[in-house]
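See structure below.
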Amino acid sequence: MATAPTTPDAPAAADDAAAPDPGSTRAGVVIAVLVVSAFVMILNETILSVALNDLTRDLGVSTTTVQWLTSGFLLTMAVVIPTTGFLLERFTPRQVFLASLTLFSIGTLVSALAPGFGVLLVGRVVQACGTALIIPLLMTSVMRLVPEHKRGSMMGTISIVIAVAPAIGPTIGGAVLASLGWRWMFWIVLPLAILALLLGAALMRLPSQTRSVPLDVLSVLLSALGFGGILYGFSAIGESGGSGPHVAPWIPLVVGAVSLVLFVLRQLSLQKRHAALLDLRPFTHRTFVVSLILAALLFMALLGAAAILLPLYLQTVLQQGTFVTGLAVLPGGLVLGLLGRPVGALFDRYGARPLVIPGALAMAASLWGFASLSAASPLWLVIVIHMVLMAGLGLMMTPLMTSSLAVLPGPLYSHGSAILATLQQVAGAFGTAAFVTISAIASATAGGSPDAQGLRTGFMAAGVVGVLALIVSFFLPRRIVAASDADAPDAGTAEVETAADAPEVDPRAGSASAVEPGDAADRATDTGPVPVAAGASNGSAHGAKVVGQVTLARRGEAVVTLVDEHGVQHGRAETSDGSYDLALPGSGAWLVVISAPGHAPRADRVVVGGHTPELRHDVTLLGSEPLADDALSPEPLTSQS
């Protein structure tokens, strides 16, 4: 049987030996270090938003240029996030964590010492490279260290961190800027980053298994040129009213558009052999597409309007100081954070549509409310409108994140998550660049900070985004079809029925028989390898195969058997490292039976198309008896040693 190549790694062995037990106090400390690190790093997305006026004066650049300190940060994250899947397979969690915090610390130091805009932008880009690694690492570590029955609440906490950090960034930035210079925003963060780095170096030891996997560098370059070119083109349009950009705006716009087209075509080609940087097959699911569009519009409003335009309005039009500006957006940030868990509970009970539609309505109404403000508007009204906006975004965020991924089959989950995370950052960067550019163009004086009329026009553009979100929200289905009920996206992807709804292979008779929903998953007997009737076929004239990774709740050896729907065996593989590779004799429906001592067996139904080169089917087996907290977290069959 072919197995995925592994790379010996001495540090990985050390990680395995000193790894904390799932659910233990030390595991909790590791998760806490990761959560705090993520909070500090994500905070930097928007912490400079209240300092745009000061930076424009100190660095001698226009507002449309200085906004790149935020847009560049978001864009860099959008480029790096798709590579995290490669990095987490190629390197151990400890190595990724140390690289993440080291990059972030170096970027923070460079930003604090920056003599001009160029060096400051470089520091922000380095910061973003580190930040992009921390969220996927945090999610992976939670799955390894948190017992299964506690993961839901932990994920809720993480979603609050991801949402609240950029929302209160202006508050913290304003407090620092009120008494200290903008450089202190970095000097204060630097010791926190170094402390997290030292704690992580001492505590971050997780069982891991690395593989030598390819990275398509051309795809990374095309995505950077595509997103970067379009955003730079918009920024250049905003500066065209002044001394004029060095490059005509249409050039980067065309380069960006062509690069994105080439990026999509390359992904469509690479995904046929499961080598795409971003597998685009999740776009074949309507609910995923609708949720993705709404999430992109949400982040345009959150980062472009609430985090950038609003502080500019408070300082430029209402003449408020940076400290008051920061305090003014604090109530809205708290509303967004406090809604995290209640909205999650409501989503479990009522679904996405009853929450997203009212949220989109509140989002649209509040953005148009901002557009109606003037220099005579009271500060309390601004705070109330901002709280309504944050409440609307809070009603939308958790349902959209959950429903978008829930409709995908298992093999596409990681790709859907990467697409979602990438486009969130791209949408935030695009919203920031677009709204600031529109505000600059509509201002009476070109080149400087947007004036009252310009900001009003910018908020009107954001209001259009809100109306669009409201319209799109009505396209969400009333019922979300779970991944196990969804059709495969194309002939190259397995249509999987889990053991809860697939026919079970009877170990005594060797034939397929019906099984009640949940029967196989809930059975608590240790059957060991499942015997099936021997078949006559051993090879594959069809030329296709099914490959995957088996994850066990306990260490052991698994047996993977390929059976037709009459119970006849056509392939069998024993695996001690979790990977398996079985030839498919032909198209049609097949059962993949997975069993291991100490685990409840599982039989999944896969449907093979006529031109399927390879199916990917990863499986997790549950223990055959109740496990203690320290054994509930699934882990690879064998840890690297």
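The values are calculated or read from the model by the stated rules, or taken from the named source; none is laboratory data. Everything numeric in this text was worked out from a predicted model, so none of it was measured. Methodologically, a virtual Cβ is constructed for each residue, glycine included, from the backbone with ideal geometry; neighbour enumeration extends over all protein chains shown. Just so you know, the surface numbers come from the protein's heavy atoms only, side chains and all, with ligands and any DNA or RNA stripped out. Shrake-Rupley method; radii C 1.70, N 1.55, O 1.52, S 1.80 Å.
State which residue is surrounded by the fewest Cβ atoms within 10 Å (Cβ to Cβ) when the search covers only the stretch 177-190 and only residues that are under 27 Å from the mean Cα position of the chain (by Cα) and under 16 Å from residue 103 (Cα atoms). Among residues in the stretch 177-190 that are under 27 Å from the mean Cα position of the chain (by Cα) and under 16 Å from residue 103 (Cα atoms), the one surrounded by the fewest Cβ atoms within 10 Å (Cβ to Cβ) is 190.
Could you count how many residues in the stretch 250-259 are over 10 Å from residue 219 (Cα atoms) and open to solvent by less than 40 Å² (accessible area, probe 1.4 Å)?
2
Of the candidates 275, 352, the single residue that is surrounded by 17 or more Cβ atoms within 10 Å (Cβ to Cβ) and over 19 Å from residue 166 (Cβ atoms) is 352. Number of residues in the stretch 304-330 that are in contact with a Lys or Arg (Cβ under 9 Å, 6 or more places away or on another chain) and closer than 16 Å to residue 164 by Cα: the value is 0.
Just to be sure, is residue 60 closer than 27 Å to residue 190 by Cβ, open to solvent by 10 Å² or more (accessible area, probe 1.4 Å) and at pLDDT below 75? Criteria not met by residue 60. Residue 408 passes every criterion in (1) part of a helix (DSSP H, G or I); (2) under 26 Å from residue 227 (Cβ atoms); (3) open to solvent by less than 10 Å² (accessible area, probe 1.4 Å); (4) not β-branched (Val, Ile, Thr) apart from (1). Of all the listed residues (583, 534), the sole one being at pLDDT below 70, surrounded by fewer than 19 Cβ atoms within 10 Å (Cβ to Cβ) and farther than 21 Å from residue 622 by Cβ is 534.
Looking across the stretch 77-93 at every residue that is under 23 Å from residue 549 (Cα atoms) and out of contact with any Ser or Thr (no Cβ under 8 Å at 6 or more places or on another chain), the one that is modelled with the lowest pLDDT is identified as 86. All but one of (1) open to solvent by less than 40 Å² (accessible area, probe 1.4 Å); (2) at pLDDT 85 or above; (3) of a type outside the set (Ser, Thr, Tyr) hold for residue 174; state the number of the condition that does not hold. Status for residue 174: all satisfied but (2). When we screen 360, 328 for residues that are in contact with a Ser or Thr (Cβ under 8 Å, 6 or more places away or on another chain) and either more than 25 Å from residue 172 (Cβ to Cβ) or in the same structural domain as residue 466 (by the TED database) (or both), the only hit is 360. When you check residue 229 against the structure, is it assigned to a helix (DSSP H, G or I), modelled with pLDDT under 85, over 24 Å from the mean Cα position of the chain (by Cα) and outside the structural domain of residue 80 (by the TED database), yes or no? Judged against the criteria, residue 229 is not a match. Of everything in the stretch 601-629 that is within 18 Å of residue 549 (Cβ to Cβ) and part of a loop (DSSP other than H, G, I, E, B), the residue that is modelled with the lowest pLDDT is 622. Taking first residues from the stretch 55-68 that are of a type in the set (Asp, Glu) and partners that are open to solvent by less than 20 Å² (accessible area, probe 1.4 Å) and outside any helix (DSSP H, G or I), the Cβ contacts under 8 Å between residues at least 6 apart in sequence or on separate chains come to 58/182. For the stretch 117-137, give me each residue that is of a type outside the set (A, V, I, L, M, F, W, C), more than 16 Å from residue 418 (Cβ to Cβ) and crowded, with 20+ Cβ neighbours inside 10 Å. Correct list: 123, 124, 127, 130. The condition of being modelled with pLDDT of 85 or more, open to solvent by 10 Å² or more (accessible area, probe 1.4 Å) and not charged (D, E, K, R) holds for residue 387. Of all positions in the stretch 58-70, at least one carries a residue that is under 24 Å from residue 196 (Cβ atoms) and hydrophobic (A, V, I, L, M, F, W, C).
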